[in-house]
């Protein structure tokens, strides 16, 4: 694939200059180009082959504290001319807001930007035929692993790549121009079993990475998916009780996502988080430390600069259980009377907003087998379902499935239960953190144990 960054930067700079000439005081332009490949198979037969490319340009402009955000995918000269004129006209119709302003020049990222190794040329050695082969091999491995695997919801392979340019400008000229590009691919398999009561038990496993060579083999993904599915046979409710709950990394990822939702600058300035005003206080167990680190080499959420054009930085959100900071973009920071800590993200056609990059609950020293082995009776959660969370009060209740822990061993599969606690209590009751950090996505979590939660079943 040819490198599109220089071309996108040129287009973005031209649009920025023309928007200023048309009357804007300040301008921000995001230009992107990319493509995706997706294939799906079921029982060995192709069901979907989708390959498409797209490009787009987003314009955010300011005039007299008024702002407008517009988007186009038409890069023709006459189309861009009309697009800029319409954008300026829309800006003049909007309501002014004293906080509507780009970051100051001295706040913006500067060259040289860090090289984070987000692009893999080898990703493109897998074409549509190769993607089908990988998906078919993974599904076949799952179906052959056990005669108890009787059906399949299919397997899919996908690859995306994107190049982008970000430009901010004012009446004095271009303030910042940064570019980036990245690749990402994934493979998922979803086998099915027939249970004794006629119920279908479904499971899945997946692998994903920016670099092709770091994916698990299709056979390994299929084997793990089949193993997880077969283990669910015979799942049933357990009696309601208060007990220790162990979350595997897949389930723990959902908990970390909820934590982000209540440390996001948008939730804080809207007073929509139970963590408002709690910086510097103990909000989790001393075993819990959480960082947002966009500078990890090859990280799934890594970025050299944020959606406001500010330099990326590592932020310690929770340190040994103490809340150290909220994650802020420029607008939410101004609403709170603070400075941004480089946590903005934006789509081509959207406004910047606080967003995690690589959001990591730091691993601990404990082997997952020991975390389970220390539990006399508890629940090992592999799946969370639904959305039972109130960010204002912290009340948390979600459907769950997994395995009963008895005398330190995983025994019966469990389904159709709920786990609940106030989220504040949940975080503070974490009494073990595993050393098995899952790096497959930008939400990275190890195995966690909560000393006490209500498990509601029969």
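All of the numbers you see were taken from the coordinates with simple rules; none came from a lab. All values reported here derive from a predicted model rather than from experimental measurement. Here the Cβ positions follow ideal geometry from the backbone for every residue, glycine too, while neighbour counts run over all protein chains shown.
Of the three principal axes defined by the Cα atoms of region 5-229, the extents in descending order read 70, 38, 34 Å. Using a/c under 1.5 as the rounded threshold, could you call region 48-120 rounded, prolate or oblate? The axes a ≥ b ≥ c are square roots of the C-alpha gyration tensor eigenvalues, and prolate needs a/b larger than b/c, oblate otherwise. Since a/c reaches 1.5 but b/c is at least a/b, the shape of region 48-120 is classed as oblate.
Sorting 118, 57 by the number of Cβ atoms found within 10 Å of their own Cβ, with the fewest placed first, yields 118, 57. Relative contact order of region 236-458, please, whole-number percent, based on alpha carbon pairs below 8 angstrom and at least 6 residues apart. Relative contact order, region 236-458: 30 percent. Find the centroid of the Cα atoms in region 265-301 and in region 185-242, then give the distance between the two in whole Å. Cα centroid of region 265-301 versus Cα centroid of region 185-242: 31 Å apart. Mean residue ellipticity, 222 nm, helices only, the chain: the sum of -39500 (n - 2.57) across DSSP H runs of n ≥ 4, divided by residue count and rounded to 500, is -7000 deg cm²/dmol. Between the Cα long axis of helix 77-93 and the first principal axis of the chain there is an angle of about 90°, rounded to the nearest 10. Would you mind pulling out the separation of the Cα centroids of region 389-421 and region 46-117, in Å? Region 389-421 and region 46-117 have Cα centres separated by 43 Å.
List the equivalent ellipsoid semi-axes of region 52-92 in whole Å, largest first, each obtained as the square root of 5λ for an eigenvalue λ of the Cα gyration tensor. Don't skip to the answer; put the middle values down first.
Values: eigenvalues 93, 28, 6 Å².
In descending order, the three semi-axes are 22, 12, 5 Å.
Panel order for 117, 376, by other beta carbons found within 10 Å of each beta carbon, from fewest to most: 376, 117.
Compute the relative contact order of region 5-229 as a whole-number percentage, counting only Cα pairs closer than 8 Å that sit 6 or more residues apart in sequence. Intermediate values should be presented prior to the final figure.
On the way: 526 pairs, mean separation 54.7, N = 225.
The normalised contact order for region 5-229 reaches 24 percent.
Taking only Cα atoms of the chain, what ratio of Rg to Rh do you get with Rh as the Kirkwood inverse-distance radius?
The Rg/Rh ratio comes out at 1.01.
Normalised by the number of residues in the chain, the mean separation of alpha-carbon contacts (under 8 Å, six or more apart) gives a relative contact order of 16 percent. Note the angle between two axes, namely the Cα long axis of helix 128-145 and the longest principal axis of the Cα atoms of the chain, as a number of degrees from 0 to 90, rounded to the nearest 10. Once rounded, the angle reads 20 degrees. What angle do you read, to the nearest 10 degrees and between 0 and 90, between the alpha-carbon axis of helix 249-263 and the longest principal axis of the chain? Result, in degrees: 40.
If you take the beta carbon distance between residue 133 and residue 338 as r and set R0 to 41 Å, what does 1/(1 + (r/R0)^6) give as a FRET efficiency, to the nearest 0.05? Let's see the in-between values first.
On the way: r = 52 Å, r/R0 = 1.26.
So, using R0 = 41 Å, E works out to roughly 0.20.
Among 226-233, 68-75, 161-168, the peptide with the highest mean count of other Cβ atoms within 10 Å heads the list, and the full ranking is 161-168, 226-233, 68-75. As a ratio to 2.2 N^0.38 Å, the alpha-carbon radius of gyration computed for region 256-367 takes the value 1.04.
Go through 288-297, 265-274, 105-114, 352-361 and give me the packing order, highest mean Cβ count within 10 Å leading.
352-361, 288-297, 265-274, 105-114
Got a sec? How would 411, 183 order by Cβ neighbour count within 10 Å, fewest to most?
Values: 411 12, 183 21.
The fewest-first ordering by Cβ neighbours comes to 411, 183.
In a fully extended conformation the segment linking residue 407 and residue 3 would gain 139.7 nm over its present Cα-Cα distance, using 0.36 nm per residue.
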